[in-house]
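Undergrad: Mind having a look at this structure? Questions to follow.
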Amino acid sequence: MTYVITLLVDDDAKIARGVSRALEARGLPRPHHVTTGRDALAWVAHNACGLCFLASKLPDMSGVDLTVQLRQRTPGLPIYMLSGARSESVAVAAFRAGVTDYLPKDSGRFDTVVRVVQQLSAAETNRTALPAAPPIPVAMPRELLNPTYENRLRMIGRQVDLNGYHRISVLEVEGGFLVHALPKQGRQAQALEFPDRDFLHWIMTAYRHRGGGERSTSACPLLPSGYEDFLRAIGAALDRDQAEAITIAEFERMIVVSGIMKLETPTQTTQGNVQWILGENDIQQLLNEGFRRRARQR
C-alpha cells in the first residue's frame, strides 16, 4: 500500500489527537500536524503533500484564506475543511475558495477522515500496472474513446443512475476519480472508485447496452433526467474551459463545481479557478445546452 502524505491544520489539540488515533487504529500513518496557516504554508513549500485537512478557523487566518493560498501553491491538492458551522452559506464560501469537500465536525468526523485517507491511498496504490485495453467494437464512434471529462463523467453518472445513488461528491485524483454517494437504501455514504484504467471497460459496456432500457429514474430532484445527462453536460463545459483537478459536490438545493482552468492572455498562460454554483435554473440551462449541442452533432 502506498500511503498518501497527510497534513492536518488545526489548533484544537483534542481534534488533532482524535484524528491521529483514528488513523493509527486503522494502520494508517499519523498526519503531519501544525496549528497555524503560516506553518502549513511553510511545510507545504518544502514537503510533498497529498492531502490536507484544515479547520475553518485558525489563530492567524481563516480556513478560507488558507485554502486560497494553498490553491495558489498546489492547485491539485485535495483540501477538506473541518467546520462546526452547518449553514450552506459557510459551505459555499469554502467551495468558492477551492476546498475539495466540506466536512461538519459531527460525531462521525474521525471516521470520515479515515475513509478519505484510505480512499486516496488506495487510488495512489492503484495507479500502476494498467491492464491491456479490451477489443474495441468496430462500429463504435472513436470520439467516445477519448478520456475527456465529458466521456469520463458521463460513465460515472451512468453508474450512479443504474445503482440508484444520490447526494454525490466527485473528487478527481491522480489516475481517476473517487465518488462518495448515498445508496438507495441507507444513510451511510459509500465510496466508489473510477480509475482511468477502467474507462474503456465502462464506455464499451455502455455502448453495447445502449438503448437497452437499463437507466433508472433519477434519485435527485435537481436532475430530472439523471446524473448521466448532468455530468456529461458538466464534463463538456469543463473540456471547453480546459479545466483540471475538479470536484463536484451536491447539496440539497445546489451543486458546486470547483477546479482550475487555463487563462490565455496575449503574453502568457496562467491559471484561474473554476467556481460554478448551480441552482435549479442553472442546471436546467446547462442540460438544455447539452441536448442542443448533441442534436447539432447528429
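Undergrad: So in the chain, what percent of DSSP beta bridges are antiparallel if you round to the nearest 5?
TA: Approximately 70 percent, going by the DSSP bridge assignments.
Undergrad: Work out, step by step, the length gained on full extension between ASP111 and THR269: first 0.36 nm times the residue separation, then minus their alpha carbon distance; give nm to one decimal.
TA: Working it through step by step, the gained length comes to 52.8 nm.
Undergrad: Then there's this: Give the cross-link partners of LYS14 among the lysines, using a straight C-alpha distance below 16 Å as the criterion and excluding same-chain residues fewer than 8 apart.
TA: Within reach: LYS57, LYS105.
Undergrad: Restricting to DSSP H runs of at least four residues, report the calculated mean residue ellipticity at 222 nm for the chain, -39500 (n - 2.57) per run over all residues, nearest 500 deg cm²/dmol.
TA: Calculated at 222 nm, the ellipticity per residue is -12500 deg cm²/dmol.
Undergrad: Which whole-percent values make up P(r) of segment 142-297 when all C-alpha to C-alpha distances are grouped in 5 Å steps starting at zero?
TA: Percent of Cα pairs in each bin: 2, 9, 18, 23, 22, 16, 7, 3, 1, 1, 0.
Undergrad: Separate question: Could you give the spread of the C-alpha atoms of segment 1-114 along their three principal axes, from largest to smallest, in whole angstroms?
TA: Principal-axis extents of segment 1-114 (Cα, largest first): 35, 33, 25 Å.
Undergrad: Just to be sure I understand: with springs between alpha-carbon atoms less than 10 Å apart, which residue in THR270, THR247, THR112 has the highest mean-square fluctuation in the Gaussian network model of the chain?
TA: Of THR270, THR247, THR112, the most mobile in the Gaussian network model is THR270.
Undergrad: Could you check which residue among THR267, THR35, THR148 shows the biggest mean-square fluctuation in a GNM of the chain with a 10 Å Cα cutoff?
TA: Of the options given, THR267 has the highest mean-square fluctuation.
Undergrad: Quick one: net charge around GLN284, please, counting Lys, Arg +1 and Asp, Glu -1 for every other residue with C-beta under 14 Å from its C-beta.
TA: Cβ neighbours under 14 Å give a net charge of -2.
Undergrad: When the chain is modelled as a GNM with alpha-carbon springs shorter than 10 Å, which of HIS46, HIS33, HIS166 fluctuates the most?
TA: Among HIS46, HIS33, HIS166, the largest GNM mean-square fluctuation belongs to HIS46.
Undergrad: Right, next: Loop-only trypsin sites (Lys or Arg not before Pro) in segment 1-74, please: DSSP not H, G, I, E or B, and at most 16 other Cβ atoms within 10 Å.
TA: ARG26
Undergrad: Here's a follow-up. Quick one: Cα centre-to-centre distance for segment 1-51 and segment 147-204, in angstrom?
TA: 27 Å
Undergrad: Taking only Cα atoms, what is the 0 to 90° angle, nearest 10, from helix 280-297's long axis to the longest principal axis of the chain?
TA: Helix 280-297 and the main axis of the chain meet at about 40 degrees.
Undergrad: Please state the relative contact order of the chain as a whole percent: Cα pairs under 8 Å, 6+ residues apart?
TA: Dividing the mean separation by the residue count of the chain yields 14 percent.
Undergrad: Express the Stokes-Einstein translational diffusion coefficient of the chain in µm² s⁻¹, to the nearest whole number, given a Kirkwood radius over alpha-carbon pairs, 25 °C and a viscosity of 0.890 mPa s.
TA: 121 µm²/s
Undergrad: In nm, what is the difference between 0.36 nm times the number of residues separating ALA25 and ARG96 and their Cα-Cα distance?
TA: Additional length available on full extension: 22.2 nm.
Undergrad: Roughly how tilted is helix 63-73, in degrees to the nearest 10 and between 0 and 90, from the longest Cα axis of the chain?
TA: Helix 63-73 sits at roughly 70 degrees to that axis.
Undergrad: Here's another thing I want to ask about it. Could you tell me how many degrees, from 0 to 90 and to the nearest 10, lie between the Cα long axis of helix 149-163 and the main elongation axis, the longest principal axis, of the Cα atoms of the chain?
TA: Result, in degrees: 90.
Where a number appears in this text, it was derived from the coordinates with a stated rule and is not lab data. Just so it is clear, the model here is predicted, and its values are computed rather than measured. With ideal geometry, Cβ positions are generated from the backbone for all residues, glycine too; neighbour counts draw on all protein chains shown.
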